[in-house]
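The next block holds one structure in the form of structure tokens; read it before the comments.
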Amino acid sequence: MALPSDAIVDSAPTGALPVIKPLLGWRVLVPRGGKWGDGISAALRTLGAVPVVAPLINFAGTENPEQLAAELERLQAGEYGWLVVTSATTVDVLMSQGVRLPQRTRVAAVGETTAHALQLAGYRVDFVPGDHSARGLVKEWPGTEADGPVLIPQSEIAEPTLVSGLSAAGIDARFVSAYRTIGTAAPAAVVHDVAAGRINALLVSSGSVARQIAEQFSPLPSTTVCICIGPRTAFDARAAGLTVQGIAEERSSAALVRALSDYVIESGDVRPPAAR
């Protein structure tokens with residue numbers, strides 16, 4: 001479908017080329033703050049949208065810090081052949097604990113966003129699956145049983161996909177709770193705007209976010225668009241009762257924004273100018 005003419009809103013500095021902003025008129029809920037929220041918001045503004053940052057989840061320390069500390073000590077002592085990192089939050093935990101990885105221990109990251117966070121923190125990344133998901137990592141796992149055990153620090157509510165999948169392949173995979181994921185109430189003004197249909201799209205960045213959206217905002221107006229970061233999150237969103245209009249092909253913030261833009265372009269769903 002052709003891009004609506006309303007989406008062409010400006011000219012390049014030369015005046016020769018149009019600047020296309022497919023999300024012009026869209027107010028988009030960004031469900032997390034921090035660097036992730038800042039990056040998503042900047043990308044949305046570039047495409048003409050008005051981001052509404054309202055963190056729906058937050059992270060707290062694990063309820064069993066002694067177990068985490070013990071496993072991280074074993075990691076630094078070289079007892080693990082692999083470390084699997086599934087989120088930037090885990091990277092924050094590693095940094096806060098001052099973890100230094102031995103040369104023998106290789107690092108696998110689920111998704112480019114996590115890999116980038118690891119590299120920014122000074123950790124090397126040895127493997128990122130082409131399919132940026134836990135299932136993709138299990139399917140593409142490059143290690144063998146001879147490499148030694150694998151440490152998987154995750155949220156306490158993480159799906160057991162990695163541990164069960166690697167274990168089924170004969171790998172000694174060990175989970176440890178690195179942090180807790182807790183819900184955060186959205187501001188009353190945001191709840192009101194969602195109910196009134198003034199938030200046009202919701203970015204669903206995880207199953208935890210999907211469940212918070214369902215808990216805090218249901219029922220959503222029929223015009224509200226939900227875009228999910230990957231098939232697993234889309235599955236969780238549907239399980240929570242949400243209707244999913246788009247799914248990012250990769251587990252990255254850029255892909256999530258691109259999925260919303262693609263939906264708008266393909267559907268021709270032009271919204272009136274957003275109140276800023």
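The values are calculated or read from the model by the stated rules, or taken from the named source; none is laboratory data. Because the structure is predicted, anything quoted here is derived from the model rather than measured. Neighbour counts run over all protein chains shown; Cβ positions are idealised from the backbone, glycine included. Just so you know, the surface numbers come from the protein's heavy atoms only, side chains and all, with ligands and any DNA or RNA stripped out. Shrake-Rupley method; radii C 1.70, N 1.55, O 1.52, S 1.80 Å.
Filtering the stretch 227-261 down to residues that are under 10 Å from the mean Cα position of the chain (by Cα) and among the charged types (D, E, K, R), which residue is surrounded by the fewest Cβ atoms within 10 Å (Cβ to Cβ)? Out of the qualifying residues, it is GLU250. If you go through the stretch 76-128 and keep only what is of a type in the set (Ser, Thr, Tyr) and closer than 19 Å to ALA158 by Cβ, you end up with TYR80, THR86, SER87, THR89, THR90, SER96, THR113, THR114. If you go through the stretch 162-193 and pick out every residue that is under 22 Å from ASN58 (Cβ atoms), aliphatic (A, V, I, L, M) and out of contact with any strand residue (DSSP E or B) (no Cβ under 7 Å at 6 or more places or on another chain), you end up with 5.
Of the residues in the stretch 150-170, none is over 27 Å from PRO231 (Cβ atoms), touching a residue at least 12 places away in the same chain (Cβ under 8 Å) and not hydrophobic (A, V, I, L, M, F, W, C). Restricted to the stretch 55-137, the set of helices (runs of 4 or more DSSP H) holding at least 3 residues that are loosely packed, with under 14 Cβ neighbours inside 10 Å and modelled with pLDDT of 95 or more comprises 65-76. Whether a residue is within 22 Å of the chain's Cα centre (by Cα) and crowded, with 21+ Cβ neighbours inside 10 Å was assessed, and LEU202 passes this test. When SER267 is tested against (1) open to solvent by 30 Å² or more (accessible area, probe 1.4 Å); (2) out of contact with any helix residue (DSSP H, G or I) (no Cβ under 8 Å at 6 or more places or on another chain); (3) closer than 21 Å to ALA42 by Cβ, only condition (3) is not met. The single condition from (1) modelled with pLDDT of 95 or more; (2) open to solvent by less than 70 Å² (accessible area, probe 1.4 Å); (3) farther than 16 Å from GLY81 by Cα; (4) not in a loop (DSSP other than H, G, I, E, B) that ILE152 fails is (3).
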